[in-house]
Ligand code: MLT
């Protein structure tokens, strides 16, 4: 008799392309990954679990599984997956490490321009019936110094895009060689120097014990007065309260923030400030990135369930 098809549990909204990859090879089931009892019950029968960032795949969730072989994160960060606990149970963890890097870089550019030209404020006031042309002046990027904190894949994509605005690029990244940065037309500097020289700063780091709180009140005090700051990486890399204070006093000219310490959230000291532009973790939320993330992880899941070698994406 034909053996039953493996059960693939999809716990969050993923691109439809995921289902095209699976075809008839697996049985796809859906659950709301934030509903813990429902998730646990469904996991008991799942061979594979697909998530984005809202489902907590922690040791407790993994313990409710009985035949789980693979957990797939349709995105880059594995912040919500306890990789050690999975490994201890023999569960493979796969992600889509390049799927959304262009989208993330483009979103950081969008936030920087939105802050520099005060677009959300202007949009809101005009739609509110106010023509505030003289009150809403901005700043040019041309001729300014842009500091990139973290020169990995996304930081490099951000740098190459923002370079088109005629800026001088400096970067802080202890893991990148000055020669490599030089090839990209970027001068590597210390964090202190970056803070002191940059007119705009964009941060592109994963959240690790080393990077958490990297930019706090002390660091913000060392920036050029009026600097623009963008965080489309991870909440908490820049201390949220310190950033709000600096935006309130005018030490920073403005900030664009896509990520928060607690997500989802509808309250932050940043939400009350007109010179802070916020978005609800939308960096990867494009049709193209979601399509790629879904397709990439679905392919890896199929290979893992067949017992085939799963290459790094
Ligand atoms: C990621 O880690 O890929 C991003 O934060 C985007 C997402 O949550 O999907």
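Going through 86, 42, 38 one at a time, which residue ends up being away from the ligand (no atom under 12 Å from the Cβ), without any contact (Cβ under 8 Å) to a residue 24 or more places away in the chain and part of a helix (DSSP H, G or I)? So the residue among 86, 42, 38 that is away from the ligand (no atom under 12 Å from the Cβ), without any contact (Cβ under 8 Å) to a residue 24 or more places away in the chain and part of a helix (DSSP H, G or I) is 38.
Listed conditions (1) without any contact (Cβ under 8 Å) to a residue 40 or more places away in the chain; (2) in contact with a helix residue (DSSP H, G or I) (Cβ under 6 Å, 6 or more places away or on another chain) are all met by residue 166, apart from (2).
Report, by residue number, each residue of the range 68-83 that is away from the ligand (no atom under 16 Å from the Cβ), crowded, with 22+ Cβ neighbours inside 10 Å and not in a strand (DSSP E or B).
Residues of the range 68-83 away from the ligand (no atom under 16 Å from the Cβ): 68-70.
Filter once more, keeping what is crowded, with 22+ Cβ neighbours inside 10 Å: 68, 70.
Across the range 68-83, the qualifying residue is only 68.
Just a yes or no: is a residue in the range 59-67 within 23 Å of residue 310 (Cα to Cα), in contact with a helix residue (DSSP H, G or I) (Cβ under 9 Å, 6 or more places away or on another chain) and surrounded by fewer than 22 Cβ atoms within 10 Å (Cβ to Cβ)? Walk me through how you get there before you give the answer.
Of all residues in the range 59-67, those within 23 Å of residue 310 (Cα to Cα) come to 62, 65-67.
Those still in the list that are in contact with a helix residue (DSSP H, G or I) (Cβ under 9 Å, 6 or more places away or on another chain) too: 62, 65-66.
Now narrow it down to the ones that are surrounded by fewer than 22 Cβ atoms within 10 Å (Cβ to Cβ): 62, 66.
There is at least one residue in the range 59-67 that is within 23 Å of residue 310 (Cα to Cα), in contact with a helix residue (DSSP H, G or I) (Cβ under 9 Å, 6 or more places away or on another chain) and surrounded by fewer than 22 Cβ atoms within 10 Å (Cβ to Cβ).
Residue-level check: of (1) within 16 Å of the ligand (Cβ to nearest atom); (2) free of Cβ contacts under 8 Å to residues at least 40 places away in the same chain; (3) surrounded by fewer than 23 Cβ atoms within 10 Å (Cβ to Cβ), residue 206 misses just (2).
I'd like to verify a number: residues in the range 45-67 that are within 16 Å of the ligand (Cβ to nearest atom) and part of a loop (DSSP other than H, G, I, E, B), how many? Walk me through it before giving the result.
Here is the first cut: in the range 45-67, the ones within 16 Å of the ligand (Cβ to nearest atom) are 49-57.
Now narrow it down to the ones that are part of a loop (DSSP other than H, G, I, E, B): 52-56.
Qualifying residue count, the range 45-67: 5.
Does any residue of the range 215-222 turn out to be in contact (Cβ under 8 Å) with a residue 60 or more places away in the chain and either crowded, with 18+ Cβ neighbours inside 10 Å or in the same structural domain as residue 141 (by TED's automatic domain parsing) (or both)?
Scanning the range 215-222 turns up at least one residue that is in contact (Cβ under 8 Å) with a residue 60 or more places away in the chain and either crowded, with 18+ Cβ neighbours inside 10 Å or in the same structural domain as residue 141 (by TED's automatic domain parsing) (or both).
The values are calculated or read from the model by the stated rules, or taken from the named source; none is laboratory data. All of these numbers come straight from a predicted model, not from anything done at the bench. Don't worry about glycine lacking a Cβ; one is built from the backbone with ideal geometry, like all the others, and counts go over all protein chains shown.
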